[in-house]
Amino acid sequence: MNSALIVILAFLLISLYFGIRARQGKQMNLEQWTIGGRSFGTLFVFILSAGEIYTTFTFLGGSGWAYGKGGPALYILWYGSLAYALSYWLLPAVWRYAKKHQLLSQSDFFTKKYNSPALGVLVSIIGIVAMVPYLVLQLKGLGSIVNIASYGSISSGAAIWIGVIAVAVYTTISGVHGAAWTSVIKDTLVLLVVIFLGIYFPIHYFGGFSDMFHAIDQVKPGFLALPDQGMSVYWFISTVLLTALGFYTWPHTFGAILTAKNEKVFRRNAVVFPLYQLILLFVFFVGFAAILTVKPALEGAEVDNALLELSVQSFPHWFVGVIGAAGLLCALVPGSMLLMTSSTMISKNLYKVFKPSASDAQVSNLAKYLVPIVALISLYFTFKGGQTIVALLLMGYSMVTQFFPAIVFSFLKRNPITKVGAFAGIVVGELVVAYTTVTNQTVATLLPFMPQAVKDLNVGIVAMILNLIVTFVVSAFTKKKAAQKELVA
Amino acid sequence: MRFVLAALPFLALIIGMFFANRTEPYVLGMPFIMFWTVLWVVLTSVIMFIVFKTDPANKEGNAE
């Protein structure tokens with residue numbers, strides 16, 4: 001056993017301890033377990049949200065994008081800021097409505113707003129289909145992080161099993177309290193590690209930031225800006241806007257909103273969060289530093305290992321262990337939220353709908369017992385998923401983005417969307433997302449006659465536009481019918 | 001007024017990116033497009049701070 005592995009295991013045990021201890025002194029009914037009894041203050045909501053947002057994808061994918069794609073990676077910084085600006089108005093409205101009607105999940109929200117259990121079921125199923133692959137992504141990331149950071153002394157598969165058992169145990173016992181407490185450890189560690197790496201690498205290998213960027217620009221001219229075609233300015237803007245819309249439509253992110261004890265929490269966090277995002281800038285710095293230093297150069301999916309490979313190449317074992325531990329925690333925290341939200345939705349928004357006689361205690365217990373089961377299903381897909389899971393992964397974010405119109409328009413004084421309209425719009429949006437992802441379509445292949453600027457648009461725009469058209473046309477039609485009925489009656 | 005302020009980061013993206021998509025000049029050691037991005041991340045926080053301070057909804061119930 002090497003020192004890196006000892007450090008990683010130590011952090012895992014500390015997290016497990018805090019995760020389990022978080023339960024202390026709480027009556028764990030479903031409201032307490034899944035949204036902390038609506039009791040979290042500004043700091044806890046902040047840490048929980050940060051815990052969810054900065055995942056292994058941020059850690060590995062962010063540096064991987066900077067390493068492999070350069071300038072386009074900056075889109076990740078933009079969409080967060082814009083989403084936070086929107087959050088100032090959106091989140092208090094969501095929270096207020098959820099508090100008034102004692103809602104526990106995103107599906108509850110749709111069911112209540114549109115007075116339609118069917119819509120709640122639809123949203124639950126789509127949410128779960130999007131969340132499980134997202135969990136699988138975290139687990140795969142966990143596997144490669146621990147494997148590389150322990151210098152191969154523990155296999156990726158074994159690391160995934162250990163991580164999943166730990167997260168399933170503390171999530172079942174403590175629910176969102178466990179996620180919040182492990183998130184405290186995670187965000188502190190990640191912040192320190194990432195800022196250190198982002199400053200150390202450019203200075204150590206290049207003498208400074210300016211020198212590093214000049215060196216890259218010399219070897220790869222234009223790499224630091226956006227290209228004229230493909231990931232062009234048009235791609236950039238459309239991707240940022242689309243991704244910002246999907247930011248709060250993930251069911252587990254939505255669930256985290258409900259943990260707050262008052263709506264002011266969100267307004268405060270909207271001020272701090274953009275700045276906090278700069279942690280990503282340091283992740284990018286690491287990715288850029290790896291471009292001319294990691295030998296041999298990484299190819300294909302390997303680019304996501306840029307941060308780890310450079311670290312292994314540069315630091316003593318124990319410190320690589322600390323980096324590995326930070327990466328491990330980046331998988332566990334979102335993992336516990338995903339597990340918990342999926343389980344809550346299966347129990348409350350699927351099981352209870354089809355078996356209305358189930359008592360609150362039964363629904364609550366079922367949600368907890370489902371955690372290890374969902375964990376096992378995710379493990380199965382992690383090891384045996386193959387191509388299906390890859391396709392679902394690519395789709396996940398676009399899938400939940402399709403919820404945006406039905407959520408936002410429902411807050412207008414007179415909601416222009418009917419339940420049938422919302423249902424139809426979401427279904428059409430998801431079908432378009434599935435079709436374009438599976439057949440690998442882009443706007444360029446769908447509309448080859450368009451000018452280059454249009455061809456570069458993110459293909460998700462097509463799904464969103466069709467979703468909006470169907471939503472409003474169907475809504476207008478069903479509204480008229482309802483009005484006619486009233487006249488006749 | 002607060003909505004106008006909050007719209008600025010969106011304009012900085014939708015209009016600004018066409019002008020900011022360049023490597024030169026370097027500012028604070030960063031290529032220009034990166035500097036522009038970081039600048040607006042910081043300004044978004046500043047703007048939301050002003051919005052927060054001027055929003056009457058935050059006046060009442062200071063107790064956490």
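The values are calculated or read from the model by the stated rules, or taken from the named source; none is laboratory data. Not measured: the values here are computed from a predicted model. Ideal geometry is used to build each Cβ from the backbone, glycine not excepted, and the neighbour counts take in all protein chains shown. Areas reflect the complete protein model, heavy atoms only, side chains present, ligands, DNA and RNA absent. Shrake-Rupley method; radii C 1.70, N 1.55, O 1.52, S 1.80 Å.
Computing the accessible area with a 1.4 Å probe over protein heavy atoms, can you report the carbon and sulfur percentage for chain A? Intermediate values should be presented prior to the final figure.
Details: 12730 of 18770 Å².
Answer for chain A is 68 percent, counting heavy atoms of protein chains only.
From most to least packed by mean Cβ count within 10 Å, the peptides A:176-182, B:3-9, A:286-292 give A:176-182, A:286-292, B:3-9.
Simple spin-label estimate for A:HIS204 and A:VAL353 gives 5.2 nm between the two label positions (7 Å along the Cα-to-Cβ direction from each Cα).
Projecting the Cα atoms of A:ALA358, A:VAL333, A:PHE383 onto the charge dipole of segment A:295-395, computed from C-beta unit charges around the Cα centre, puts A:ALA358 farthest toward the positive end.
Could you compute the net charge surrounding A:LYS99? Neighbours are other residues with a C-beta less than 15 Å from the C-beta of A:LYS99; K and R count +1, D and E count -1. Before the final figure, lay out each step's value.
On the way: positive: A:ARG38, A:ARG96, A:LYS100, A:LYS112, A:LYS113, A:LYS261, A:LYS264; negative: A:GLU31, A:ASP108, A:GLU263.
Neighbour charge sum, excluding A:LYS99 itself: +4.
Counts of other chain beta carbons within 10 angstrom of each beta carbon in peptide A:212-222 average 2. Remark: segment A:363-372, residue by residue, has Karplus-estimated 3J(HN,Hα) of 4, 4, 5, 4, 4, 5, 5, 6, 3, x Hz, where x stands for each Gly or Pro and the curve is 6.51 cos²θ - 1.76 cosθ + 1.60 at θ = phi - 60°.
The residues neighbouring A:LEU226, those whose beta-carbon lies less than 11 Å from its own, together hold a net charge of 0 under the Lys/Arg +1, Asp/Glu -1 convention.
Loop sites by DSSP among the trypsin sites (Lys or Arg not before Pro) of chain A, restricted to those with at most 13 other Cβ atoms within 10 angstrom, leave A:1-412 as the longest stretch without any of them. Within 10 Å of the Cβ of each residue in B:15-21, the mean number of Cβ atoms contributed by other protein chains is 4. Taking the Cα centre of the protein assembly as shown as reference, the dipole from Cβ charges on Lys and Arg (+1) and Asp and Glu (-1) amounts to some 2040 debye. Here the 3J(HN,Hα) profile of segment A:411-419, calculated from phi with Karplus coefficients 6.51, -1.76 and 1.60 at θ = phi - 60°, is 8, 5, 3, 10, 4, x, 9, 8, 5 Hz, Gly and Pro shown as x.
Averaged over peptide A:71-79, how many Cβ atoms belonging to another chain are found within 10 Å of each residue's Cβ? List each step's numbers first, then the result.
Details: counts 7, 0, 2, 7, 3, 1, 5, 10, 1.
Mean partner shielding for this stretch: 4.
Given a 1.4 Å probe, how much area per residue of the protein assembly as shown is accessible, in Å²?
Values: 22180 Å² over 553 residues.
Ligands and nucleic acids excluded, the figure is 40 Å² per residue.
Over 20 Å between Cα atoms: which of A:LYS355/A:LYS419; A:LYS100/A:LYS413; A:LYS100/A:LYS348; A:LYS348/A:LYS413 fall into that group? In this structure, A:LYS355/A:LYS419; A:LYS348/A:LYS413 exceed 20 Å between Cα atoms. In order along segment B:15-27, the Karplus-derived 3J(HN,Hα) couplings, from 6.51 cos²θ - 1.76 cosθ + 1.60 at θ = phi - 60°, round to 9, x, 5, 5, 8, 8, 6, 7, 8, 8, x, 6, 10 Hz, and Gly and Pro are given as x.
For A:CYS330, the shell of other residues with beta-carbons less than 15 Å away shows a net charge of -1, using +1 for Lys and Arg and -1 for Asp and Glu. Summing both sides, how much accessible area is buried between B and A? Use a 1.4 Å probe and give Å² to the nearest 100. Summing both sides, the interface buries roughly 3500 Å². A simple spin-label model places pseudo-atoms 7 Å from Cα toward Cβ; at A:ALA361 and B:ALA7 they are separated by 5.6 nm. The residues B:GLU24, A:GLU31, sorted by heavy-atom accessible surface at 1.4 Å with ligands and nucleic acids left out, run B:GLU24, A:GLU31 from largest to smallest.
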